[in-house]
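The numbers here are math on the coordinates, done by the rules we state, and not lab data. Quick caveat, the model's predicted, so the values are computed rather than measured. Because the Cβ atoms are built from the backbone with ideal geometry, glycine has one as well, and the counts that use them run over all protein chains shown.
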Amino acid sequence: MAEDYVSQDQHRADMAELRLEQTNALASLDKRTELIAQDLIAFRREVDDRFDRMNEQMTDRFSRMEEQMTDRFSRMEEQMTDRFSRMEEQMTDRFDRVADRFDRVADRFDRMEEQISDLRQDMRHLQTAVQRQMWALIAVVAGGVIKVLFFP
């Protein structure tokens with residue numbers, strides 16, 4: 001490369017192209033991060049919608065069961081007391097399972113937030129590495145230019 005002459009205009013054009021490539025790469029990373037964030041928001045909305053539907057279903061189910069229990073209790077008070085106790089245990093188990101599911105969803109959100117944070121940190125590291133490479137390239141080119149100019 002020392003024998004090749006590179007004009008100042010060509011050098012500037014090469015540097016501009018390198019900066020453009022770096023800017024495009026960073027923009028691509030920003031876009032990917034934004035897409036991941038949008039996916040996370042959409043997923044959170046979906047979970048919220050599912051929770052609302054499940055809450056409504058459970059509310060409807062409880063309303064129907066309460067009506068049935070009231071009717072049966074008026075006819076068979078003693079038998080329904082036993083049945084109600086069993087159903088209460090089942091509902092407690094179901095609520096525990098639902099609570100466990102929501103805990104798992106919350107854990108997934110936490111992991112996703114960590115992953116987004118990690119991606120942002122990786123993006124910062126990549127930007128720093130690209131800047132270092134750019135300065136190293138500038139130093140090599142400057143050294144080559146100095147050698148060509150002062151040590152023919």
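If R0 is 30 Å, what FRET efficiency do you get for Ile116 and Arg53 from their C-beta distance, rounded to 0.05? Between Ile116 and Arg53 the formula returns 0.65. Once the Cα atoms are used to define both axes, helix 8-75 deviates from the longest principal axis of the chain by about 0 degrees. The helix-based estimate of mean residue ellipticity at 222 nm for the chain, built from -39,500 (n - 2.57) per DSSP H run of four or more residues and divided by its residue count, is -35500 deg cm²/dmol to the nearest 500. For the chain, the longest principal axis of the Cα atoms and the long axis of helix 77-150 meet at an angle of about 0 degrees. Debye-formula intensities of segment 36-122, expressed as log10 I(q)/I(0) at q = 0.12, 0.18 Å⁻¹, are -0.56, -0.87 (one equal scatterer per alpha-carbon, no solvent). When His125, His11 are arranged by Cβ crowding within 10 Å, least crowded first, meaning fewest neighbours, the order is His125, His11. In this calculation the C-beta distance from Lys147 to Leu20 is compared with R0 = 22 Å, giving a FRET efficiency of 0.20.
Stokes-Einstein diffusion for the chain, with the hydrodynamic radius set to the Kirkwood value over Cα pairs and evaluated at 4 °C in a medium of 1.567 mPa s, equals 58 µm²/s.
In this label model, Ala106 and Glu46 are separated by 2.2 nm, measuring between points 7 Å along each Cα→Cβ vector. Taking label positions 7 Å along the Cα-Cβ direction at both Trp135 and Thr81, the computed distance is 8.2 nm, reported to one decimal.
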